[in-house]
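Step one of this worksheet: look at the structure below.
The values are calculated or read from the model by the stated rules, or taken from the named source; none is laboratory data. Keep in mind the model is a prediction, meaning the values are calculated, not measured. Virtual Cβ from ideal backbone geometry, glycine too; neighbours counted across all protein chains shown. Each accessible area value is taken on the protein alone, full model and side chains, heavy atoms only, with ligands, DNA and RNA left out. Shrake-Rupley method; radii C 1.70, N 1.55, O 1.52, S 1.80 Å.
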Amino acid sequence: MIKSELKLGDILKKQNLLTELDLQRALAEQKRKGGKLGEILVEMGIVTDKDIAVALAKQLRVMFVDMEKGLLKPNIHQGLEKLIPEEYAKEHYILPLSKHGQSLTVAMIDPLDLMTIDDIMKMTACDVSVVVTTSGDMVKGIEEFYGSKEMRKKNIQEKFILMDSSGGKKDRFDVRDVVSDADAAPIVKFVDIIMLEAIENGASDVHVEHYEQRVSLRYRIDGVLYEMNPPDPKMYFAIVSRIKILSKMDIAERRLPQDGAFSISYKEKVIDVRVSSIPAIFGEKIVMRLLDQAKLPLEFEFLGVSDFELAKIKAEIYKPFGMIFISGPTGSGKSTTLYTILNEIKTPKKNIVTVEDPVEYKLDGINQVQVKPLIGLNFANALRSFLRQDPDIMMVGEVRDLETAQMCIRSALTGHLVFSTLHTNDAPTAVTRIMDIGIEPFLLVSSLRLIVAQRLIRKLCDECKQEIKPDVRFKDMKLNGPIYEAKGCEKCRFSGYRGRVGIYECLPIGVEIRDMIYYRKSSDEIRIRAEELGMRSLYESGLEKMKQGLTSYEEVLAVTISS
């Protein structure tokens, strides 16, 4: 908090922006008609409002912020509008910018207004840090913040609640009522704002869920879920119905899981949205996955594959037959890696077919099939049909059962190059997973060529990452440059990270590994021998990204500690 015995006139005089004569003229004008001294000085043309703001900032040793440099921009995810209401902000010319713990940063045009600062401290129960801005920028900042999407969402909720005459929870579910609510203008606009906000924040998923006493709205950004300002519980069922109508799902069916999809036009590009609903006890949970094909350069360099792993991958993907698996948990980028491989090896001389659930990205020159379980089109049946289509290369979205695994192995043994994915923690575990499904070792060693395990690791924010001195944690590492840790700023939502990059573990199936698979050695034994033969683990791949300044040691541990 700022404490100063100096007055504005004294500060401006000290910095030679004001003479004693000018000050006395301004004080006389202030006495005559009232108002703030700074405003009177600007009206008289003696100084500009920026002169005043910069002078105050220098004298009080606080930061000067303005709209031009993009610094007067509140964090919209911290509920700042609840701490300081719009009416109070406009009356006192203040704008909350960010909150860290019990410290609140506030922009003011008069940082010497100690009474207002004390009021803010009492109102928010926070310590107040002040930055200075101009009156013109303050007016613009207040209008932009309190007129933002978050504020519009609140206005929409209020309009809907005024329209809602149901008087609370209904005992009976009437489809006509739900359709009517879902088509109401406030609900349509509210869902539009949710989707627009998710796209602009770079979210990969939107979660909408209902609990006993509240509704939750969360966006997954760079692999982490962030709580957003939720809709009013009275709006929940209408919002869900609106999403289900867009996705061509059955709004009357709330007892069974459903899947659907729709598309959004945004800045001359199309965003595909995959929608999934499940029947939770307090109301359906909706998850929407946003797929922006324009953001997907299908190149190994973009994925973060290092030269070391890339050499192992390229040594196998150009061979005429065999089985290649990409493994990792859900959301680790397996599908993107497969698409990149297919894009790398596709040629008019090769017939490439895929079966996926769902088809996430459409690739030119590749025949892609969407599974449809309701009519009997599953992975195994699609693969049988593929074999009559004269394929050279086949890609199966995921090996989930023995029948699919058998078809993949048989196809690889009969002269086809087959790609697929598995849900395992690392590459050696994928071997035991396939045998657990029911594939005999002698079939596996005859067809398997390569297993690639992967994760997505968060990248440090280039705007705020800070260099650290190596400590005992790094004593055995060969560091070839500076290392960094996360700090946090407005551009990265104070997380310290922006964007993600892949880390990889490649296990080529050579003679020794084949022998170990044939004799059913454990995944731990396979890992030890593979590392002796030159395999680099996910942890080591992560450390390489840390040494390149792309991520932090803490993030490497968080992502790979269980590997």
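Quote the accessible area belonging to Glu540 in square angstrom, nearest 10, computed with a 1.4 Å probe and with ligands, DNA and RNA left uncounted.
Taking all protein chains as shown, Glu540 has close to 80 Å².
Relative contact order for the chain: what percent, with Cα pairs under 8 Å and sequence separation of 6 or more?
Computed value for the chain: 9 percent relative contact order.
Probe radius 1.4 Å, ligands and nucleic acids left out: which of Ser446, Ser98, Ser385 has the largest accessible area, and how do the rest follow?
Ranked from most to least accessible, the order is Ser446, Ser385, Ser98.
When the accessible area of the chain is split by element with a 1.4 Å probe, what percent falls to carbon and sulfur?
About 50 percent, which is the carbon plus sulfur part of the accessible surface.
Relative to the longest principal Cα axis of the chain, at what angle does helix 334-345 sit, 0 to 90 degrees, rounded to 10?
Value to nearest ten degrees: 70.
Looking at the stretch 28-124, which GluC sites (Glu not before Pro) are DSSP coil and have at most 11 other C-beta atoms within 10 Å of their C-beta?
Passing both the DSSP loop test and the Cβ count: Glu68.
Compute the semi-axes of the equivalent ellipsoid of the stretch 65-111, taking the square root of 5 times each eigenvalue of the Cα gyration tensor, and list them largest first in whole Å.
Equivalent-ellipsoid dimensions as semi-axes: 16, 14, 10 Å.
Relative to the compact globular guide of 2.2 N^0.38 Å, what is the alpha carbon radius of gyration of the stretch 182-313, as a ratio?
1.21
Alpha carbon centre of the stretch 26-92 versus the stretch 105-148: separation in Å?
With the stretch 26-92 and the stretch 105-148 each reduced to a Cα centre, they are spaced 8 Å.
Go through Phe300, Ile526, Leu225 and say which Cα lies farthest out towards the positive end of the charge dipole of the chain; charges sit on Cβ, +1 for Lys and Arg, -1 for Asp and Glu.
Selected residue: Ile526.
Evaluate the Debye formula for the stretch 26-150 with equal point scatterers sitting on the alpha carbons, no solvent, and hand back log10 of I(q)/I(0) at q = 0.16, 0.20 Å⁻¹, in q order, two decimals.
So the normalised log intensities are -0.78, -1.16.
Considering only Gly365, Ile326, Asn378, whose Cα is most displaced toward the positive end of the charge dipole of the stretch 306-378, charges sitting on Cβ of Lys, Arg (+1) and Asp, Glu (-1)?
Gly365
Once you charge only the Cβ atoms, +1 for Lys and Arg and -1 for Asp and Glu, what is the size of the charge dipole of the chain about its Cα centre, to the nearest 20 debye?
Around 460 debye, computed over the chain.
Averaging sequence separations of C-alpha pairs under 8 Å and six or more residues apart, then dividing by the length of the stretch 430-546, give the relative contact order as a whole percent.
So the answer I get is 33 percent.
Near Lys547, which aspartates and glutamates are there with a Cα under 12 Å away, not counting those fewer than 8 places off in the same chain?
Hits, sequence-local ones excluded: Glu467, Glu485.
Can you list which of the trypsin sites (Lys or Arg not before Pro) found in the stretch 364-433 are DSSP loop residues with at most 13 other C-beta atoms within 10 Å?
Arg388
What share of the DSSP beta bridges in the stretch 327-467 is antiparallel, in percent to the nearest 5?
Just about 5 percent of them are antiparallel.
When a/c is below 1.5 the answer is rounded, else prolate if a/b is larger than b/c, else oblate, so apply that to the stretch 318-368 with a ≥ b ≥ c taken from the square roots of the Cα gyration tensor eigenvalues.
oblate
Send over the Kirkwood Rh of the chain, from the inverse of the averaged 1/r over different Cα pairs, rounded to one decimal Å.
After inverting the pairwise mean of 1/r, the radius is 27.9 Å.
Tell me which residues come under 5 Å, amide H to amide H, from Asp205 once H is placed; ignore anything under 5 positions away on its chain.
Arg220, Leu290
Check cross-link reach from Lys314 to the lysines: straight Cα distance under 19 Å, and skip same-chain residues fewer than eight apart.
Partners found: Lys334, Lys346, Lys349, Lys350.
How far, in degrees from 0 to 90, does helix 307-317 lean away from the longest principal axis of the Cα atoms of the chain, to the nearest 10?
The answer is roughly 40 degrees.
Pop out the ³J(HN,Hα) list for the stretch 248-258 in order, Karplus 6.51 cos²θ - 1.76 cosθ + 1.60 with θ = phi - 60°, rounded to Hz; leave Gly and Pro as x.
Per-residue couplings from phi come out as 6, 9, 7, 6, 7, 9, 10, 9, 10, x, 9 Hz.
Taking the alpha-carbon distance from Lys31 and a cut-off under 20 Å, which lysines remain once sequence neighbours fewer than 8 residues away in the same chain are dropped?
Lys7, Lys13
Please report the accessible area of Cys461 (heavy atoms, 1.4 Å probe, ligands and nucleic acids excluded) in Å², nearest 10.
So the heavy atoms of Cys461 present about 0 Å² to solvent.
With all pairs of different alpha carbon atoms counted, what Kirkwood hydrodynamic radius in Å does the stretch 464-563 show?
15.6
Over the chain, give the accessible area per residue in Å² for a 1.4 Å probe, as an integer.
That works out to 50 Å² per residue.
Between 0 and 90 degrees, rounded to the nearest ten: what's the tilt of helix 185-200 against the longest Cα principal axis of the chain?
Result, in degrees: 80.
Filter the GluC sites (Glu not before Pro) in the stretch 293-363 to those in DSSP coil with at most 15 other Cβ atoms within 10 Å of their Cβ, and list the result.
Glu299
Could you estimate the translational diffusion coefficient of the stretch 240-398 from the Stokes-Einstein equation, with Rh from the Kirkwood formula over C-alpha pairs, at 20 °C and 1.002 mPa s, in whole µm²/s?
Here the translational diffusion coefficient equals 120 µm²/s.
Give the long-range amide H neighbours of His100: residues separated by 5 or more places, or on another chain, with amide H under 5 Å away, using H modelled in the peptide plane at 1.01 Å from N.
Residues meeting the criterion, in which the H sits 1.01 Å from N, are Thr105.
Which percent, nearest 5, of DSSP beta bridges in the chain are antiparallel?
DSSP beta bridges in the chain are roughly 65 percent antiparallel.
For the pairs Lys90/Lys140; Lys73/Lys267; Lys58/Lys90, note any where the Cα-Cα span goes beyond 20 Å.
Lys73/Lys267; Lys58/Lys90
In Å and from the alpha-carbon atoms only, list the Rg and Dmax of the stretch 282-375.
Expressed in Å, the Cα Rg and Dmax of the stretch 282-375 come to 15.5, 54.
Using the Cα centre of the stretch 324-386 as the reference point, and only Cβ charges (+1 on K/R, -1 on D/E), how large is the resulting charge dipole? Debye, rounded to the nearest 20.
200
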